[in-house]
Amino acid sequence: MKEEHPIVIDDLTKDYGQGRGIFHVSFSLQRGECFGFLGPNGAGKSTTIRHLMGFCRPDSGKALLEGVEALRRPQVLSQVGYLPGEVSLPPNLTGKEFLIEQKMMHRVEDTGRLAYLVKAMGVDIHSRIKDLSLGMKRKLAICAAFFHDPDILVLDEPTSGLDPLMQDFFLDFVLKEKARGKTILLSSHIFNEVEHCSDRIGIIKDGEMMTILGRDQVLHDGRKKYRLLFSSEEEASAAQAALAASGFSALEKDEAARTYRIEEEERPAFLRRALDLSPRDIRIEKESLRELFLSYYKEDQEYRKL
């Protein structure tokens, strides 16, 4: 019987010192789910994935594939399609020779899926890998990750180096794989590809999980921005002071307008107080994934402006 959660990251910690590493990271994926793992370069995404794949030994916690640690039972990796963030392929082999090696390793005899991927992505399989562009190496690595039809896909910055048309093809292909019941961990710092594919989205910062959002939270619910418009800058400033006294801080100032980011549970109290101030208009804007993400990095952004 297959595990309900094919991927489990449980209180995973790897401390490299000086604040570097990952700290008490926890999340799990249900079968058939695509989990978007969102964070800037250096946030801890690849470190988490390397532990999941059995390339590193954690200080504490666990990273499980189908209920086991790849470090202890590497044979579980036969069920995984892995696309690393930094592609490193044998330089002196041709693309064809490399894929033949992969077929032998995975004991795959049916080459129909591989032939489809090579043709659809326009992969040069005749040149030596050392002579290929970064984008072509990435396409070759994608073929190697998907051709054996694995149940689990671990994709680390998968569209890096691909042109826009190939990015669109790849993301549509990932959606089709999800529709076939594949479990997908998609690590990225690109908002639109995470939104495009993911059922849930986890945001990591400085090696710590900040939040895990359901797709509906990003697309429908979650926080909203309220833009209050007044007849003058003086009215806007007075309203800002009154709202600040009630615990609501302005996100943006723009002449006779003020913008606030409001959590759903704060909304009734905020609106009651805002309406008492008689604004000329109130405009509601849904907060995008990008804005949600950047709210966790606000302190970093302000520091860089100093």
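The values are calculated or read from the model by the stated rules, or taken from the named source; none is laboratory data. Keep in mind that what you see is a predicted model, and the values were worked out from it rather than measured. Here the Cβ is made from the backbone with ideal geometry for all residues, glycine too, and neighbour counts use every protein chain on show. To get the accessible areas, we keep the full protein, side chains included, count just its heavy atoms, and leave off ligands, DNA and RNA. Shrake-Rupley method; radii C 1.70, N 1.55, O 1.52, S 1.80 Å.
Below, the figures for the structure above:
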{"read-out": "Residues being closer than 20 Å to Gly214 by Cβ and touching a residue at least 40 places away in the same chain (Cβ under 8 Å) - total across segment 6-47", "value": "19"}
{"read-out": "Condition check for Ile142: farther than 23 Å from Glu195 by Cα, modelled with pLDDT of 95 or more and touching a Pro at 6+ places or on another chain (Cβ under 8 Å)", "value": "no"}
{"read-out": "Counted residues, segment 153-186 - those being in contact with a Leu (Cβ under 7 Å, 6 or more places away or on another chain) and either small (Gly, Ala, Ser) or more than 16 Å from Leu117 (Cβ to Cβ) (or both)", "value": "7"}
{"read-out": "Helices (runs of 4 or more DSSP H) (entirely within segment 79-168) containing at least 1 residues that are among the β-branched types (Val, Ile, Thr) and under 28 Å from the mean Cα position of the chain (by Cα)", "value": "112-121, 134-146"}
{"read-out": "Some residue of segment 247-259 being open to solvent by 50 Å² or more (accessible area, probe 1.4 Å), hydroxyl-bearing (Ser, Thr, Tyr) and within 18 Å of Glu291 (Cα to Cα)", "value": "yes"}
{"read-out": "Lone unmet requirement of (1) under 25 Å from Cys34 (Cα atoms); (2) touching a helix residue (DSSP H, G or I) at 6+ places or on another chain (Cβ under 9 Å); (3) buried (at least 19 other Cβ atoms within 10 Å of the Cβ); (4) not acidic (Asp, Glu) for Thr47", "value": "(2)"}
{"read-out": "Residue, modelled with the lowest pLDDT, within segment 17-40, restricted to residues that are more than 21 Å from Asp151 (Cα to Cα) and out of contact with any Gly (no Cβ under 9 Å at 6 or more places or on another chain)", "value": "Pro40"}
{"read-out": "Top-ranked residue of segment 67-78 - restricted to ones that are more than 23 Å from Phe173 (Cα to Cα) and part of a helix (DSSP H, G or I), ranked as most open to solvent (accessible area, probe 1.4 Å)", "value": "Gln75"}
{"read-out": "All positions within segment 77-94 that are touching a residue at least 12 places away in the same chain (Cβ under 8 Å) and farther than 24 Å from Glu177 by Cα", "value": "Leu89, Pro90, Pro91, Asn92, Leu93, Thr94"}
{"read-out": "Tally of residues being over 12 Å from Leu185 (Cβ atoms) and open to solvent by less than 40 Å² (accessible area, probe 1.4 Å) across segment 24-37", "value": "2"}
{"read-out": "Residues within segment 139-171 that are among the small types (Gly, Ala, Ser) and surrounded by 18 or more Cβ atoms within 10 Å (Cβ to Cβ), tallied", "value": "3"}
